[in-house]
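Participant: Attaching a single structure in structure tokens format; questions to follow.
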Amino acid sequence: AEFLSNSWDADASKVQIALTGAGVDGGPCIIITDNGRGMTRDELTDEFLIIGRNRRLSPNDRTPGGRLPMGRKGIGKLAGFGIARTIDIVSSPNPKLRINDILVGQQKCYWLRFSLADLVSMAGTLSGGSYAPEVVADGVDVDELSRLIDNDPHKAAYANIVENIRAGEGGVCVYLSN
């Protein structure tokens, strides 16, 4: 539900949800893909990765598409770890929903992998519990993203986000797996 509300907040007009009883590794997986705003590198690092970031300045705030946002506290992204050990986030800013943004050059793609085991192991360290996800792709074009996906054992999970990007949209794909 948390990732679906993120799709709403991103002004997505299309959300695809796949529940698979046995993914590549034999365990269950969930894939949520939308054609919402997507996130730039700066939005991923300065907004999405900040736990507890208050997204609203006023209760009357609206998304750029005019929706009342569902997310509030910036902690919903952790909900996936209640059912998965690994969360992959693939994102590409959607130029169709960012007409006022300056997106320089080709459409960029980003891929972060979050590991529950790594997150838990960092929690009690001297670094103050700071955690950085694995960066699989950082500002690559859709062809390079496709090459990276072709080498991933879970490549079928990312078909819809690649299709969105190739259609000139973008959005986010969240892949929850064990």
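The values are calculated or read from the model by the stated rules, or taken from the named source; none is laboratory data. None of the values given here were measured: they were computed from a predicted structure. No Cβ is skipped: glycine too gets one built from the backbone with ideal geometry, and neighbour counts run over all protein chains shown. Just so you know, the surface numbers come from the protein's heavy atoms only, side chains and all, with ligands and any DNA or RNA stripped out. Shrake-Rupley method; radii C 1.70, N 1.55, O 1.52, S 1.80 Å.
Participant: How do the pairs read when you match residues in the stretch 1-30 that are more than 22 Å from D61 (Cβ to Cβ) with residues anywhere that are open to solvent by 60 Å² or more (accessible area, probe 1.4 Å) and outside any loop (DSSP other than H, G, I, E, B), using Cβ under 7 Å and keeping only pairs 6 or more apart or on different chains?
Facilitator: I30/L19
Participant: Pick from the stretch 12-50 the residues that are of a type in the set (D, E, K, R) and crowded, with 20+ Cβ neighbours inside 10 Å: which of them is farthest from I99 (Cα to Cα)? Let's see the steps before the verdict.
Facilitator: Of the residues in the stretch 12-50, the ones of a type in the set (D, E, K, R) are 14, 25, 34, 37, 41-43, 46-47.
Checking the rest, the ones that are also crowded, with 20+ Cβ neighbours inside 10 Å come to 34, 37.
Details: D34: 18, R37: 10 Å.
Here the answer is D34.
Participant: Same structure, new question: Name the pairs whose Cβ atoms lie under 7 Å apart, with the first residue in the stretch 146-157 and closer than 18 Å to I30 by Cβ, the second assigned to a loop (DSSP other than H, G, I, E, B), and 6 or more positions between them or separate chains?
Facilitator: P153/V24; H154/G23; H154/V24
Participant: Just checking, how many residues over the stretch 22-54 are at pLDDT 75 or above and part of a loop (DSSP other than H, G, I, E, B)?
Facilitator: 8
Participant: Inspect all residues belonging to the stretch 55-71 and state whether any of them is at pLDDT below 70 and open to solvent by less than 20 Å² (accessible area, probe 1.4 Å).
Facilitator: In the first step, residues of the stretch 55-71 are kept if they are at pLDDT below 70; the result is 55-59, 71.
Still in the running and open to solvent by less than 20 Å² (accessible area, probe 1.4 Å): 71.
Yes: the stretch 55-71 contains one or more residues that are at pLDDT below 70 and open to solvent by less than 20 Å² (accessible area, probe 1.4 Å).
Participant: In the stretch 133-147, which residue that is hydrophobic (A, V, I, L, M, F, W, C) and closer than 13 Å to D88 by Cα is most open to solvent (accessible area, probe 1.4 Å)?
Facilitator: Here the residue is V135.
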